[in-house]
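Derivation of every value follows stated rules applied to the coordinates shown; laboratory data play no part. The shown structure was predicted, so the numbers you read here are calculated from the model rather than taken from an experiment.
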Amino acid sequence: MEELLPLFPLNIVVYPGESLNLHIFEPRYIELINDVYANNREFGMPAYINNHIEYGCTLKVTEINKIYQDGKMDVKTMGNKIFRIVKFYNPTYGKLYAAGKVEYMENFDNSDYVLKEKIRTLVMDALNRMNVKKDVRLKENFSTYDVAHIVGMSLNSRYELLKIDNEKDRQEYMVEHLEKLIPIIDNLEEAKQRVNMNGQFRNFNPLDF
């Protein structure tokens, strides 16, 4: 039988290279984390949007931070590869959790220097306008993935960015987003909260799918 990717759908979008801390409390996902960690495997986190899952990112468990007496746990993960679900099994064979046959997207690195520097300027302007207290520094070779989670993008916008398979088009998408964001930045209290919660262990409500 073909190898299937264990799946943990949530209504969030994760990108390659992005860290995500999770509080695991559902029995099916406790089983999933134990399985992938014991076998040094990745699992997939497809974005659950409008009662639909298709695209997502694989995650690697980098550390089990804490295991509680009842089996719940806090884990640290890191995003790796973008995928699209071809076939979905819920639950998968002999397990509590879902899994799927997936295809991995190619990522073309055709970054444009002028667009990158424009994004750098716009990002710092946006953060200053939001009065964000975090110390944010963009590395020299940053990608759009590195900034997508700190500039107040909506879930749908993050998802659209996830589906773009080349960096230049993502850069253009990001510039458009930032140029729309900056004129109304003072009203984006929700965006400020999104930025400041990054890095916490997040307790997401379970999904019905």
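Normalising by the residue count of the stretch 5-104, find the relative contact order in percent from Cα pairs under 8 Å and 6+ residues apart. All intermediate terms of the calculation are to be shown ahead of the outcome.
Values: 232 pairs, mean separation 34.2, N = 100.
It rounds to 34 percent for the stretch 5-104.
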Next item on the list: Would you kindly give the portion of the calculated P(r) for the stretch 5-104 that falls above 21 Å, as a percent of all Cα pairs?
Entry: 26 percent
